[in-house]
Amino acid sequence: MNIFEAIEKRYSHKEKFLPDSVPLEVLEKIAKAGLAAPTGNNSQYVRLVILPDRQSLQGLCGIAPTEGMLSAPSAIAVLTDPSAQMYEWNFEMEDYSAAASQMLLAVTALGYVSLWLDSPFFDKEKQKAAVKILGAPESYNLRVVLPIGLPDGEGSRRSKMAFEQRVSYRIFGGKK
């Protein structure tokens, strides 16, 4: 599958996953795609924790008991290291977003599904608990978890606004 097919086919799978395991080699390939993403000033804030099986996901399921988390056979947690800040600018948000986006495309290209799961970790206490479950230093931030697996049926997809509604030429609102 080429990159444009992966972009077109990618969606946020919010339903159940099949219990079929995802091979570790596939999870590592997805993680490498994330780590290949650009980072501000090459700061490389992003750290990943591969959760290769249901057992490794159990702790996070207590914090984020979504249908996807409760049924996914594996996941990748995306953390940032704020202590890696080298300049007056902090690129944590941009860096983890780029890494997660590239991993979501890799997931799709490899024939699996995923979703960007972050809202359960907005709560500071849940955030702290999740970081501890993952064994990361207290100073780290858990930004997103990507449950990964095969879909248990056809996943629902949200429609996107038309290209013409979102793209302008020369100036905002400018026509072709």
Phi-derived 3J(HN,Hα) across the stretch 125-132 with the Karplus relation (6.51, -1.76, 1.60, θ = phi - 60°), rounded Hz, x for Gly and Pro, is 5, 5, 4, 4, 5, 5, 4, 5
List the aspartates and glutamates whose alpha-carbon lies under 16 Å from that of Lys14, not counting same-chain residues fewer than 8 positions away?
Glu67, Asp118, Asp152, Glu154
So for Lys132, Lys14, what's the accessible-area order with a 1.4 Å probe, most first?
Lys132, Lys14
Go through the stretch 88-127 and name the chymotrypsin sites (Phe, Trp or Tyr not before Pro) that are in a DSSP coil and have 11 or fewer other Cβ atoms within 10 Å of their Cβ.
Trp89, Phe122
Reachable aspartates and glutamates from Lys32, Cα under 19 Å, same-chain residues fewer than 8 places away excluded?
Asp53, Asp81, Glu92, Glu94, Asp95
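Output the relative contact order of the chain, whole-number percent, from Cα pairs under 8 angstrom with separation of 6+ residues.
Relative contact order comes out at 32 percent.
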Taking 7 Å along the Cα-to-C-beta vector as the label spot, tell me the Ser56-Lys124 distance in nanometres, rounded to one decimal.
3.1 nm
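Leaving ligands and nucleic acids out of the surface, order Val26, Val78 by accessible area at 1.4 Å, largest first. Spell out each step's value before the answer.
Numbers: Val26 30, Val78 0 Å².
Per-residue accessible area, sorted high to low, gives Val26, Val78.
Okay, helix-only estimate at 222 nm for the chain: each DSSP H run of n ≥ 4 adds -39500 (n - 2.57), divide by all residues, round to 500 deg cm²/dmol; what do you get? Mind dumping the intermediate values first?
Details: 7 runs with 66 residues, N = 176.
Taken over the chain, the calculation gives -11000 deg cm²/dmol.
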Say each of Met161 and Ile7 gets a label point 7 Å from the Cα, pointing the same way as Cα to Cβ; how far apart are those two points in nm?
1.8 nm
Measure of exposure for Leu150: accessible area at 1.4 Å probe, Å² rounded to 10, is 50 Å²
Top mean-square fluctuation among Leu51, Leu60, Leu24, Gaussian network model of the chain, C-alpha springs under 10 Å?
Leu24
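Loop only by DSSP, 11 or fewer other Cβ within 10 Å of the Cβ. Give me the GluC sites (Glu not before Pro) in the stretch 54-113 that pass, ordered by residue number. Don't skip to the end; give the middle numbers.
Working: sites: Glu67, Glu88, Glu92, Glu94; in loops: Glu88.
Passing both the DSSP loop test and the Cβ count: Glu88.
The values are calculated or read from the model by the stated rules, or taken from the named source; none is laboratory data. It should be emphasised that the depicted structure is a prediction, and the values quoted were computed from it without experimental measurement. Every residue, glycine among them, receives a Cβ derived from its backbone with ideal geometry; neighbour counts consider all protein chains shown. Quick note on the areas: whole protein, heavy atoms, side chains included, nothing else; ligands and nucleic acids left out. Shrake-Rupley method; radii C 1.70, N 1.55, O 1.52, S 1.80 Å.
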